[in-house]
1. Between Val13, Val3, Val7, which is within 20 Å of the chain's Cα centre (by Cα), modelled with pLDDT of 95 or more and farther than 27 Å from Val137 by Cα?
2. Would you check if there is a residue in the stretch 158-172 being among the hydrophobic types (A, V, I, L, M, F, W, C), touching a Lys or Arg at 6+ places or on another chain (Cβ under 7 Å) and surrounded by 13 or more Cβ atoms within 10 Å (Cβ to Cβ)?
3. Under the condition of being more than 18 Å from the chain's Cα centre (by Cα) and more than 20 Å from Arg122 (Cβ to Cβ), which residue from the stretch 50-78 is most open to solvent (accessible area, probe 1.4 Å)?
4. Please give the number of the condition Ala142 fails out of (1) surrounded by fewer than 15 Cβ atoms within 10 Å (Cβ to Cβ); (2) out of contact with any Pro (no Cβ under 6 Å at 6 or more places or on another chain); (3) free of Cβ contacts under 8 Å to residues at least 40 places away in the same chain.
5. Does the stretch 109-139 hold any residues that are farther than 23 Å from Ala171 by Cα and either β-branched (Val, Ile, Thr) or open to solvent by 50 Å² or more (accessible area, probe 1.4 Å) (or both), and which are they?
Amino acid sequence: RCVNQRVAVFIQVGHNSLREAQRLAAHANQIQATGISATCPSYFKVDSIPGLIACMQEIASAAPSLPFYYYHIPGLTGSVLSMPHFLEQASVCIDSLAGLKFTSPELHTFQECCQVLPERLRIFWGTDEMLLPALTVGAQAAIGSTYNVACPLYLEMVSALNSGEMESARALQLQAIRMIRVLQRFPFQASLKCLVARRLEPRVADIENCRLPLASLSGQQKAALIQELEAIGFPV
């Protein structure tokens, strides 16, 4: 309702309960989302590609008209299966499969994924600290947390790369890395929310608070975060 079709809306419906994930996918279909994405169940680890495909089939089947993207983030799910093999096999079984969000530093595997049915599948890069090298091996699009607070920095980096100004592009990627390192010294999601809140006019109450088990920033932490970001020249 808020975006009123001005921008694409992709909804992440992954859940440890596949039935709950199906319910969320059906809801996304009902409200006419642009597409859905899902992580795999993570409490009991998915340890085979056929098992992963079966899980994703169940979710995608609840919203068959929406493009479906698998969200590969092994650092959180514990699933370290081969994504090129998954894409090759899942593309046969899941009609709505449209691509993958690849959040892992394995550039060589990401490059392989980009070559699996490139006319059909779109592979999103998901590690903000490595956007520049990902672009050099074929990334066409990316999804990342820090783009919400540093989009101009990343766009400038992409522009420098496209103009052949590699040294400038490297310097801008390094600035992004330093910014991320500062955010990681505090509760990360709360730090992002703090910066988003500073960019909103009018300010929105409670946007800076996180739900448990995530921690929120104290007033002292907020002040320290801003001070550290200013010290590295990041606009806050």
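1. The conditions single out Val13.
2. Checked the stretch 158-172: no residue is among the hydrophobic types (A, V, I, L, M, F, W, C), touching a Lys or Arg at 6+ places or on another chain (Cβ under 7 Å) and surrounded by 13 or more Cβ atoms within 10 Å (Cβ to Cβ).
3. Pro50
4. The failed condition is (1).
5. If the condition is that a residue be farther than 23 Å from Ala171 by Cα and either β-branched (Val, Ile, Thr) or open to solvent by 50 Å² or more (accessible area, probe 1.4 Å) (or both), then Thr109, Gln111, Glu112, Gln115, Val116, Leu117, Pro118, Glu119, Arg120, Arg122, Ile123 are the ones that fit.
The values are calculated or read from the model by the stated rules, or taken from the named source; none is laboratory data. Values in this document were obtained by computation on a predicted structure and should not be read as measured data. Here the Cβ is made from the backbone with ideal geometry for all residues, glycine too, and neighbour counts use every protein chain on show. Heads up: the accessible areas ignore ligands, DNA and RNA and are worked out on the full protein's heavy atoms, side chains in. Shrake-Rupley method; radii C 1.70, N 1.55, O 1.52, S 1.80 Å.
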